[in-house]
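Nothing in this text is a laboratory measurement; each read-out follows from the coordinates by a stated rule. As the structure is a computational prediction, the values presented were derived from the model and not from experiment. A quick note on method: Cβ atoms are made from the backbone with ideal geometry, for glycine too, and the neighbour counts reach across all protein chains shown.
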Amino acid sequence: MEKMKLLLILICASILTACQGVGSDVTEVGSGNGSQADFTMENAGESDNSAESIQDVSAADDPGGSIAPAKEQVFAAREIVLDGMTTEQIERLTENIKVANMRMERAYLYDDIFGKLEDENSLYWNYFDQKGDIQIDWSYDGDYLERKEIQERENLTTDEFYEKYGTPVIIYNRFDADNFIDLIAEMQESVQNEDLREDLQNLMDETALAKDTHDMEYANNIYKILHDMDYYLLRYGIEDVGIYVKDASIISKYYGVLTVYQQ
């Protein structure tokens, strides 16, 4: 039986399912969607990494990334960029970025999300383009050989086959790209630091470009900003998350895209 797996998370839309609507003062990040508990369940088992050993990995010369800032640098930068914000504003920003990052991380690790988005016509781009009930895939109840036999007999392309015999995979998408941009812009208003405001603006700009162009690279840039902002600014992922997982290579990676560390 050939089954097309439902994508549980996606870039922008998945990011936002855990967030309260635009203009709200609170988020729903405590509901269990995209929480640290969910993340550690997917990496079940006792961790064989200590914070110290993970930090050694993050400080290594990684040809695929940049040298990660040390813990002291992260804490110092955090104090600077969050200055002038209320506790509630800081918590809201931190939690929303955390949920966004962890959802995208899961999509990256388990759903080959960037591979799927390389096709500008992929149905997964509906997450960016539409809200409400959206189609993200097709399903077919028969097996692969049966499908190929029908395609050959009726001279159908794969798309034509699914349009004729397939069943649309429909999910509810609470937020599209425009809603995500509105949410980030609303949180940006509480930020006093120009570097952090710029990073949030970059996040919004990359989201707009992803929607407008359907170019996977912009979606990948969204992930990099969220990753660095979560693990190397608003939190210190090596200690806050890394000690709970067996493989901390993703958490330890640093892309070097944040403005605050480029001064």
Difference of contour (0.36 nm per residue) and Cα-Cα distance, Glu79 to Ser190: 38.5 nm
Hey, how many Å between the Cα centroid of region 73-102 and the Cα centroid of region 137-213? 28 Å
Along the charge dipole of region 90-142, pointing to its positive end and built from +1/-1 on Cβ of Lys, Arg, Asp and Glu, which listed residue (Ile97, Tyr140, Ala107) has its Cα farthest out? Ile97
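Quick check: net charge around Asp178, other residues with Cβ under 12 Å of its Cβ, Lys/Arg +1 and Asp/Glu -1? Working shown, then result.
Details: positive: Lys131, Lys211; negative: Asp129, Asp176, Asp182, Asp212.
Around Asp178, the charge tally is -2.
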For a Förster distance of 25 Å, can you work out the FRET efficiency between the beta-carbons of Thr87 and Ala208, rounded to the nearest 0.05? 0.25
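Roughly speaking, what is the stretch gain from Asp240 to Arg174, that is 0.36 nm per residue apart minus the C-alpha to C-alpha distance, in nm to one decimal?
20.9 nm
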Put a dot 7 Å past each Cα toward the Cβ at Phe114 and Asp141; how far apart are the dots in nm? 3.9 nm
Packing-based ranking, highest mean first, of 252-262, 129-139 given that Cβ atoms within 10 Å are counted: 252-262, 129-139
Net charge over other residues, Cβ less than 11 angstrom from the Cβ of Tyr261 (K, R count +1; D, E count -1): -3
Counted charge near His227, where neighbours are those whose Cβ lies closer than 9 Å (Asp, Glu -1; Lys, Arg +1): -1
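Taking R0 as 30 Å, what FRET efficiency do you get between Arg197 and Glu217 from their Cβ-Cβ distance, rounded to the nearest 0.05?
Numbers: r = 24 Å, r/R0 = 0.78.
The pair Arg197/Glu217 has a calculated efficiency of 0.80.
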